[in-house]
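The values are calculated or read from the model by the stated rules, or taken from the named source; none is laboratory data. If you're wondering where the values come from, they're calculated on a predicted model, not measured in any experiment. Using ideal geometry, Cβ is built from the backbone for each residue, glycine included, and neighbour counts are taken over all protein chains shown.
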Amino acid sequence: MRLFLNRSIIFAITWILASVSAFAGAHMTIRSPAFKDHTLIPHEYSCYGAGKSPPLAWSGVPKTAKSLALTIIDPDAPSGHFVHWIVYDLSPKRRHLPTNVALDALENYAQFGINGHGNIGYTGVCPPEGEHHYRITLYALNTKIDQRHATRLQFDKAIQGHVIGTSVLVGLFRAP
């Protein structure tokens, strides 16, 4: 009986540890070499500058991830949550996106959603007034979305029930 209990306890502990490591997305982090969390986004990534997409890097992607997705959203926009960028179906092996990502640069490696202006790809941060917070969210998914040019609603629906890890970086910007 004692041996059985010990094996049961060891099995239970092993199962719990395996489950926790499978959802190691809690340790996933996203950052930018261009700005730190809750600091100002440089001018060049805005509509007042070159409107380039910011460089981003991440680590700690769960081993069970089948794809990654990324959004940049302004929750302070007058019209509600304004979408600046949706990128999805990125390989979970990818660990960064360079600055100024062109659509054709990732054409075979990712899908791009429709931004708040109705275009495909990145649109620079551009608050009409006051300081805005830009939430850059990295999602680890247990599936691929496999849909071309998803809107925010389509994207949100497609990832529902498939998120196994997230990380958020917040950048700030104020119109000059």
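If I go through region 128-153 residue by residue, how many of them are surrounded by fewer than 19 Cβ atoms within 10 Å (Cβ to Cβ) and either touching a helix residue (DSSP H, G or I) at 6+ places or on another chain (Cβ under 6 Å) or in contact (Cβ under 8 Å) with a residue 24 or more places away in the chain (or both)? Write out each step before concluding.
Step one: of region 128-153, the residues surrounded by fewer than 19 Cβ atoms within 10 Å (Cβ to Cβ) are 128-131, 133, 135, 137, 142-144, 146-149, 151-153.
Next, from what is left, pick out any that are either touching a helix residue (DSSP H, G or I) at 6+ places or on another chain (Cβ under 6 Å) or in contact (Cβ under 8 Å) with a residue 24 or more places away in the chain (or both): 128-131, 133, 135, 137, 142-144, 146-149, 151-152.
Residues meeting the conditions: 16.
Is it the case that V125 is aliphatic (A, V, I, L, M), surrounded by fewer than 20 Cβ atoms within 10 Å (Cβ to Cβ) and at pLDDT 95 or above? Lay out the reasoning, then the answer.
On the way: aliphatic (A, V, I, L, M): yes; surrounded by fewer than 20 Cβ atoms within 10 Å (Cβ to Cβ): no; at pLDDT 95 or above: yes.
In short, no.
Just to check your reading of the model, which residue among I73, I13 is in contact with a strand residue (DSSP E or B) (Cβ under 9 Å, 6 or more places away or on another chain) and either over 18 Å from H132 (Cβ atoms) or at pLDDT 95 or above (or both)? Quick ask: steps written out before the conclusion?
Numbers: I13 fails: in contact with a strand residue (DSSP E or B) (Cβ under 9 Å, 6 or more places away or on another chain).
Sole residue among the options that is in contact with a strand residue (DSSP E or B) (Cβ under 9 Å, 6 or more places away or on another chain) and either over 18 Å from H132 (Cβ atoms) or at pLDDT 95 or above (or both): I73.
Please specify each residue of region 132-176 satisfying the condition of being of a type in the set (G, A, S) and either touching a Lys or Arg at 6+ places or on another chain (Cβ under 8 Å) or modelled with pLDDT of 95 or more (or both). Spell out the reasoning first.
Step one: list which residues in region 132-176 are of a type in the set (G, A, S), which gives 140, 150, 158, 161, 165, 167, 171, 175.
Those that are of a type in the set (G, A, S) and either touching a Lys or Arg at 6+ places or on another chain (Cβ under 8 Å) or modelled with pLDDT of 95 or more (or both): A140, A150, A158, G161, G165, S167, G171.
Hey, can you tell me all the residues within region 43-57 that are more than 17 Å from the chain's Cα centre (by Cα) and surrounded by fewer than 17 Cβ atoms within 10 Å (Cβ to Cβ)?
Passing the criteria: H43, E44, C47, Y48, G49, A50, G51.
Would you check which residues across region 31-89 are in a strand (DSSP E or B), of a type in the set (G, A, S) and over 23 Å from L103 (Cβ atoms) and list them? Full working, then the answer.
Narrowing region 31-89 to residues in a strand (DSSP E or B): 31, 39-40, 46, 56-59, 67-74, 82-89.
If we keep only those that are of a type in the set (G, A, S) too, we end up with 46, 57, 59, 67, 69.
Across region 31-89, the qualifying residue is only S59.
Identify all residues within region 138-159 that are assigned to a loop (DSSP other than H, G, I, E, B) and either in contact with a Gly (Cβ under 6 Å, 6 or more places away or on another chain) or under 18 Å from H117 (Cα atoms) (or both); write none if there are none. Even if it seems obvious, please write down each step before you answer.
So in region 138-159, the residues assigned to a loop (DSSP other than H, G, I, E, B) come out as 142-151.
Those that are assigned to a loop (DSSP other than H, G, I, E, B) and either in contact with a Gly (Cβ under 6 Å, 6 or more places away or on another chain) or under 18 Å from H117 (Cα atoms) (or both): R148, H149, A150, T151.
(1) among the charged types (D, E, K, R); (2) touching a strand residue (DSSP E or B) at 6+ places or on another chain (Cβ under 6 Å); (3) under 19 Å from P75 (Cα atoms): which one isn't true of K144, the others all being true?
(3)
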